[in-house]
Amino acid sequence: VKPRLSTNCIRIIIVLVISHIDEVRSVLAPVRHASRIIGFVPTMGALHAGHLRLIDEAAKTSDSVVVSIFVNPPQFTEQQDYQAYPRQIETDMALCRSHGVDVLFAPAIEEVYPQPNCAWIEVASVSEQLCGKFRPGHFRGVATVVMKLFQMVQPDRAYFGEKDAQQLSVIRRMVRDLNVPVAIVGVPTVRESDGLAISSRNARLSDTERAIAPALYRALQCAAQQIQAGTTSPEDVKRAAMAVLEAEPRIEVEYFEIVDPEEMQAVPVVRGTVRIAAAIRLGPVRLIDNILVSRPELNLIE
Ligand code: AMP
């Protein structure tokens with residue numbers, strides 16, 4: 001792998017597909033040695049426009065781009081969801097090739113989790129709200145695998161989607177608290193034209209469910225409008241947004257919360273910048289989404 005921004009090197013345009021940890025380290029050693037920036041995009045594969053936005057961002061701001069594909073069993077709380085998770089390595093390789101990825105790292109489960117695996121990362125507080133309440137152990141699985149992948153790839157920067165805002169907060173907190181020398185870059189959510197956040201799980205929606213799914217984003221927007229219009233009571237904001245979701249009987253709301261963007265704790269009153277976050281179940285699929293809303297003028301009034 002040649003450093004991307006080097007003027008005296010020709011970039012390798014074939015993506016290297018690597019499955020062993022020692023190989024990924026030795027392939028990246030010269031890049032690191034040349035003080036070139038390694039950008040890393042961890043994924044579970046089945047790449048879509050959301051992942052590609054992260055990859056494009058990494059390609060713009062790093063010298064070499066590494067993408068990992070690893071479907072991580074400990075972060076799944078339902079075995080059925082893990083089994084049904086889409087796997088399409090050939091298509092993913094082609095997408096990586098056309099988006100300037102240098103290394104596609106797809107480690108085997110045995111390498112990632114030597115048995116028995118006794119070391120786990122728990123990020124208290126920020127992991128315990130929202131999705132953490134409904135998916136016990138999920139963020140422990142996420143934090144552990146991300147830390148493992150950081151040790152394997154040793155990137156300078158790592159790119160995560162704001163679509164999974166709580167995950168992004170958990171990773172930021174883990175990196176801060178454990179003094180991990182990786183800069184975490186958040187990338188905005190990519191949506192379909194009707195507002196539905198792109199997700200690998202959307203493919204499991206029936207046509208009818210797919211037509212209903214954008215109600216989630218409409219509910220978030222409704223909440224944002226309430227806040228921008230001056231509503232400061234989270235209960236009032238939620239009531240208006242829930243009416244949008246309740247108009248769709250097939251939607252089961254798991255949570256709809258207005259939280260502090262760093263701590264992910266429900267706010268008692270809306271002021272400054274808040275994140276509106278929700279999770280719903282629709283048919284066989286659990287969908288999450290969130291938006292950030294700022295009302296800086298409220299700070300000035302108080
Ligand atoms: P996953 O493969 O679902 O684990 O996602 C890998 C990365 O892609 C995570 O950082 C996600 O937050 C990010 N991601 C997934 N969907 C989107 C999207 N629609 N927009 C932006 N980033 C996304």
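Out of all the residues in the range 45-60, which are open to solvent by 30 Å² or more (accessible area, probe 1.4 Å) and hydrophobic (A, V, I, L, M, F, W, C)?
Hit for the range 45-60 is A49, nothing else.
When the range 28-43 is examined, which residues are found to be more than 16 Å from the ligand (Cβ to nearest atom) and buried (at least 19 other Cβ atoms within 10 Å of the Cβ)?
L28, V31, R36, I37, I38
Limited to the range 205-221, what total is found for residues that are more than 17 Å from R191 (Cα to Cα) and either buried (at least 18 other Cβ atoms within 10 Å of the Cβ) or not acidic (D, E) (or both)?
2
Checking A165 against (1) more than 17 Å from F40 (Cα to Cα); (2) touching a Gly at 6+ places or on another chain (Cβ under 6 Å); (3) within 12 Å of the ligand (Cβ to nearest atom), which single condition isn't satisfied?
If we test A165 against (1) more than 17 Å from F40 (Cα to Cα); (2) touching a Gly at 6+ places or on another chain (Cβ under 6 Å); (3) within 12 Å of the ligand (Cβ to nearest atom), just (2) comes out false.
In the list R157, R140, R176, R172, which residue meets the criterion of being touching a Gly at 6+ places or on another chain (Cβ under 6 Å), of a type in the set (K, R), modelled with pLDDT of 95 or more and surrounded by fewer than 22 Cβ atoms within 10 Å (Cβ to Cβ)?
Every option except R157 fails the conditions.
Taking the options A124, A106, name whichever one is closer than 26 Å to E162 by Cβ and loosely packed, with under 13 Cβ neighbours inside 10 Å.
The match here is A124.
Residues that are on the phi > 0 side of the Ramachandran plot: which strands (runs of 3 or more DSSP E) entirely in the range 230-297 hold 1 or more of them?
Filter on the range 230-297 gives 272-282.
Name the single residue, out of those in the range 173-202 being part of a helix (DSSP H, G or I) and in contact (Cβ under 8 Å) with a residue 60 or more places away in the chain, that is nearest to the ligand (Cβ to nearest atom).
Of everything passing the filter in the range 173-202, S200 is nearest to the ligand (Cβ to nearest atom).
Please specify each residue of the range 54-106 satisfying the condition of being polar (S, T, N, Q) and either touching a Leu at 6+ places or on another chain (Cβ under 7 Å) or away from the ligand (no atom under 13 Å from the Cβ) (or both).
T61, S62, S64, S68, T77, Q79, Q80, Q83, T91, S98
Do you know which residues across the range 147-156 are under 22 Å from S127 (Cα atoms) and away from the ligand (no atom under 12 Å from the Cβ)?
Within the range 147-156, M147, K148, F150, Q151 meet the criteria.
The values are calculated or read from the model by the stated rules, or taken from the named source; none is laboratory data. Note that the coordinates shown come from a computational prediction; the quantities given were computed from them, not determined experimentally. Here the Cβ is made from the backbone with ideal geometry for all residues, glycine too, and neighbour counts use every protein chain on show. When the accessible area is computed, the model is the full protein with side chains, heavy atoms only, and any ligands, DNA or RNA have been set aside. Shrake-Rupley method; radii C 1.70, N 1.55, O 1.52, S 1.80 Å.
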